[in-house]
Amino acid sequence: MEKFKRAVVMAVGSGGDVAPLAAVAEKLAAHGMDTTLMAPQRYRRFTAGTAVQFQSIGADDVFEEVFNGADVWSAAKGLQASWRYYGAAMRTGLSALRRGWHAADTLLVSSSFAVAARLAEELDAYRNTTVHLSPSIVFSAHRPPKWPAASIPGHWPLWLKRVAIAAAERCGTDPVIGAHVNAFRAELGLPPVRKLFSQWIHSPRRVVYAFPEWFAQAAPDWPAHGAFTGFPSCPQPQRALPAALEAFLQGGSGPVMVITAGTAVASRPQWVERLASFAVAQGARVVVIEPNAQGDTAGAAVHSVPFAPFDLLLPRVQLIAHHAGIGTMAEALRAGLPQLLVPSAHDQPDNAWRLQHLGLGHSLGQDPGPGDLTRAWHWALGNGPLRQALHDAQARIAREEEGAGCIAELVLADCGARDGQGSDEGGQRIPGMRRGGDARLQNAYRYKT
């Protein structure tokens, strides 16, 4: 590697936001880069047993306050609550970056809202790659995403959708995000910016969509320099199932259902209890994964555990119900599982809509009734064509290049380490491949011109 010897991977948000970026960091380290993951302190475990160094991105007290509260998971209040943390991490993250690294020899990779990296691009000329884990992050009038509180109808004429999305940004997202970003920009001597969500959060030199194009086709108004990869496989610091969970899986008959509301939800939502009780009444056994579970809590039909590696657990079960987080969704697709989806905030409604549109998921409301649950149960376990569709999706993901590796290859092209090719100034061409070329990687990097 000629010039760039180091990489800093910046990630903010819940475990589902951080784990894929940790996987990218691990791939970069495996290629010889001196790599550091900057993320919330509670996710240090994602670097355990790897060559990746860890540093808190800071604002951990704000993280705990925000993600232990209820507002962050509310459709109406989630944006404002989450940006209390993202804004704080922006300040601490930029300070830590400027203390420890230099643009001359360090590359940046950043999650959607790790906006310290965007500021470092402007202030210090860092080369940054913005990684979007889910398609709802990308504003589009041509194909409007599904938003938590209210969405723009896709059947509206394009001119009206453009008016609506501009109004949503001007009156909704810009005031919330700008209250943090533009206030800090003023302190740094930078001018204020508008269209923060639709334009500014995207690195002007490289954007990566960390999901396959069949999951969310690019719209004409997505960033022209964006590249698709497959879903990243996330690092699993725990390489065996807990003994009590293993005994539970082996100790009964009937289908096993996994239920999780996400890695950062502090208290169990009501729908978790409702789905668990319904599943038990159908003769199933249930594994509930929730961070606040007190160790392994075993029962005859329900077993609660704070964490379990999905790559080991999901192939052993028949069904999963979850919050429509993109990471959980991807792991369930890899395992070929029917998915019952109960979205609430952030990207979850859009993820759920896309999976249901593909015929691979079934959405439920936050307060599902007996009829809703019965229909969902029969869809998941009494649906012959669904089994084939899930098998086909599973096989498709298995054929695709793993997303974290693809992202790392794209970033490493800046090092001049791939067939002697140099950096990618405009973000428009396919990066250098492994020696002799790799058709699978070339297919993964589809740039829109």
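Under the 0.36 nm per residue contour assumption, what length would be gained going from the current alpha-carbon distance of Gln80 and Ala149 to full extension? Mind dumping the intermediate values first?
On the way: separation 69, 0.36 × 69 = 24.84 nm, distance 1.28 nm.
Using 0.36 nm per residue and subtracting the Cα-Cα distance, I get 23.6 nm.
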With the chain treated as a Gaussian network of Cα nodes joined by springs under 10 Å, which of Ala345, Ala335, Ala224 yields the largest mean-square fluctuation? Ala224
Tell me, what is the percent relative contact order of segment 124-239, built from C-alpha pairs under 8 Å that lie six or more residues apart? 32
Solvent-accessible area of Tyr86 with every protein chain in place, 1.4 Å probe, in Å² to the nearest 10: 20
In nm, spacing of pseudo-spin labels at Trp156 and Thr374 (7 Å Cα→C-beta vector): 3.8
3J(HN,Hα) from dihedral phi, segment 307-324, Karplus parametrisation 6.51/-1.76/1.60, rounded to Hz, x for glycine, proline: 7, 8, x, 5, 5, 9, 7, 4, x, 9, 10, 10, 6, 9, 10, 7, 7, 6
Could you check which residue among Trp156, Trp379, Trp271 shows the biggest mean-square fluctuation in a GNM of the chain with a 10 Å Cα cutoff? Trp156
With a 1.4 angstrom probe the carbon and sulfur portion of accessible area for the chain, in percent, totals 53
Given H placed 1.01 Å from N in the peptide plane, which residues other than close sequence neighbours of Phe54 have an amide H under 5 Å from its amide H? Leu37
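Calculate the FRET efficiency for Lys5 and Ala281 from the Cβ-Cβ distance with a Förster distance of 56 Å, rounded to the nearest 0.05.
Numbers: r = 59 Å, r/R0 = 1.05.
For Lys5 and Ala281, the calculated efficiency is 0.45.
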May I ask you to list the residues of segment 364-395 whose amide nitrogen lies under 13 Å from a point 7 Å from Cα along the Cα→beta-carbon direction of Gln270? 365-370
Taking only Cα atoms, what is the 0 to 90° angle, nearest 10, from helix 403-412's long axis to the longest principal axis of the chain? 10
Just Arg375, Arg91, Arg334 to compare: in a GNM of the chain, with alpha carbon springs under 10 Å, which one fluctuates most? Arg375
Reachable lysines, given that their alpha-carbon falls under 28 Å from the alpha-carbon of Lys77 and they are not under 8 places away in the same chain: Lys146, Lys161, Lys195
Give the lysines whose C-alpha is closer than 17 Å to that of Lys3, dropping any in the same chain fewer than 8 places away, or say none. none
On a 0 to 90 degree scale, rounded to 10, what angle separates helix 348-357 from the longest Cα axis of the chain? 70
Check Phe228: other-chain or 5+ apart residues with amide H under 5 Å from its amide H, H built from backbone geometry? Tyr209, Arg446
Which whole-Hz ³J(HN,Hα) couplings does segment 337-346 yield from phi under the Karplus relation 6.51 cos²θ - 1.76 cosθ + 1.60, θ = phi - 60°, glycine and proline marked x? 9, x, 10, 9, 10, 10, x, 9, 8, 6
Whole Å is fine, so just give me how far the alpha carbon centre of segment 313-379 lies from that of segment 55-94. 26
Through the Karplus equation 6.51 cos²θ - 1.76 cosθ + 1.60, θ set to phi - 60°, convert the phi angles of segment 388-394 into ³J(HN,Hα) values in whole Hz; use x for Gly and Pro. 5, 4, 5, 4, 5, 5, 4
The chain: relative contact order as a whole-number percent, Cα under 8 Å and 6+ apart: 16
Can you give me the long-range amide H partners of Val287? Hydrogens built in the peptide plane at 1.01 Å from N, cutoff under 5 Å, separation of 5 or more residues or another chain. Met257, Val258, Ile259, His303
Round to the nearest 0.05 the FRET efficiency obtained for Gln388 and Gln53 when R0 = 56 Å and r is the Cβ-Cβ distance. 0.80
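Under a 1.4 Å probe, what is the accessible area of the chain per residue, stated in Å²? Could you put the intermediate results ahead of the total?
On the way: 17700 Å² over 449 residues.
Using a 1.4 Å probe on heavy atoms only, each residue of the chain averages 39 Å².
The values are calculated or read from the model by the stated rules, or taken from the named source; none is laboratory data. Since the model is a prediction, treat every value here as computed from it, not as a measurement. So basically every Cβ, Gly included, is an ideal-geometry build from the backbone, and we count neighbours across all protein chains shown. Remember, those area values only see protein heavy atoms, side chains included, never the ligands or the DNA or RNA. Shrake-Rupley method; radii C 1.70, N 1.55, O 1.52, S 1.80 Å.
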